[in-house]
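Trainee: Would you mind keeping the following structure in view while I ask a few things?
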Amino acid sequence: MYNLLKGKRGIIFGALDENSIAWKTAERVHEEGGTFVLTNAPIAMRMGQINELAEKTGSEIIPADATSMEDLENLVSKATEILGGKLDFVLHSIGMSVNVRKGRHYTENNYDFSAKGWDVSALSFHKVMQTLYKQDAMNEWGSIVALTYMAAQRTFPDYNDMADNKAYLESIARSFGYFFGKEKKVRVNTISQSPTPTTAGQGVKGFSGFISYAEKMSPLGNASAQDCADYTVSLFSDLTKKVTMQNLFHDGGFSNTGVSNEVIERFED
Ligand code: NAI
């Protein structure tokens with residue numbers, strides 16, 4: 001451990017259970033000396049094991065539906081109060097598609113479902129940042145990270161409307177990143193993570209084929225949730241102060257690989 005986040009305060013969204021990327025990140029941030037408030041949708045609190053994580057990391061939990069401005073305003077003002085000052089880091093680790101959940105094919109999407117999934121998975125990132133911005137809740141050289149997937153750039157047929165939500169999310173990082181950088185010296189980035197066996201990940205149809213294929217395609221193998229936590233810590237630290245408005249691929253090299261020998265071998269006669 002390097003004490004990379006000593007004295008830094010933040011908010012971590014999206015720890016549902018021990019497989020969650022946000023859960024691993026909370027553990028790593030704690031190890032690096034950061035303090036934080038944990039938050040999740042009220043419904044997820046009942047399903048998840050967030051209390052265990054809070055105890056382990058000495059954190060308080062404030063429930064918030066990330067689509068509700070009222071909940072977000074309450075969260076940000078309470079978090080700065082509890083932590084004793086402005087924030088240095090925020091992790092947005094939230095995703096949900098109603099079309100995926102209900103098994104609606106992309107060509108048969110229900111638009112009420114699409115709108116809900118977009119609000120939760122994409123617009124919520126704008127809502128979180130607008131709340132932080134208006135309350136002037138971020139310290140200078142703070143860092144905001146959201147998680148995304150490469151289906152925003154390339155087609156993965158079973159990723160459904162989450163692909164569109166991720167494209168929108170990545171665009172928000174650039175657009176808000178400009179204003180947050182100019183006005184408050186805060187950086188905003190998205191991490192484009194390998195397929196990862198979590199509740200959200202496993203909701204994608206054909207996930208086991210998908211994750212094994214990515215593993216075989218990536219020269220370094222898939223990045224795990226633990227690897228993602230390490231990378232996020234680096235983005236929260238003072239070692240990456242001038243990295244902003246980027247979509248950062250964290251995928252073992254998958255995104256720049258045309259084909260691997262392992263994959264070719266499977267197709268040879
Ligand atoms: P997860 O299922 O553990 O986390 C998703 C979280 O979103 C849950 O904690 C859930 O309660 C929360 N959430 C849903 N609706 C919410 C709302 N209205 N308000 C607040 N929180 C809400 O799964 P995972 O994989 O850790 O997901 C985290 C992020 O990583 C998501 O953005 C996901 O799309 C992204 N990601 C995941 C990959 C994977 O293969 N698992 C790959 C690339 C990105």
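Trainee: Which peptide among 43-54, 16-27 comes first, and what is the full order, when sorted by highest mean count of other Cβ atoms within 10 Å?
Mentor: Numbers: 43-54: 15.8, 16-27: 22.6.
Listed from highest to lowest mean packing, they are 16-27, 43-54.
Trainee: Compute the label zone of SER68 within region 90-113: residues whose backbone N is under 19 Å from the point 7 Å along Cα-to-Cβ.
Mentor: Those under the cut-off are 93-96.
Trainee: Checking the table LYS116/LYS216; LYS166/LYS241; LYS185/LYS216 against a 32 Å threshold on Cα-Cα, which pairs fail?
Mentor: Numbers: LYS116/LYS216 34 Å; LYS166/LYS241 24 Å; LYS185/LYS216 40 Å.
The answer is LYS116/LYS216; LYS185/LYS216.
Trainee: Evaluate the relative contact order of region 9-267 (contact order divided by residue number), counting alpha-carbon pairs under 8 angstrom at least 6 apart; express in whole percent. Walk me through the numbers on the way to the answer.
Mentor: On the way: 478 pairs, mean separation 49.5, N = 259.
Computed value for region 9-267: 19 percent relative contact order.
Trainee: Roughly how many nanometres apart are two label points built 7 Å out from the Cα toward the Cβ at THR257 and ILE61?
Mentor: 3.8 nm
Trainee: Straight-line reach from LYS78: which lysines have Cα under 20 Å away, leaving out those fewer than 8 places along the same chain?
Mentor: Here the lysines satisfying the reach criterion relative to LYS78 are LYS8, LYS86, LYS127, LYS134.
Each value in this text was obtained by applying a stated rule to the coordinates, not by laboratory testing. Because the structure is a prediction, the values reported are computed rather than measured. No Cβ is skipped: glycine too gets one built from the backbone with ideal geometry, and neighbour counts run over all protein chains shown.
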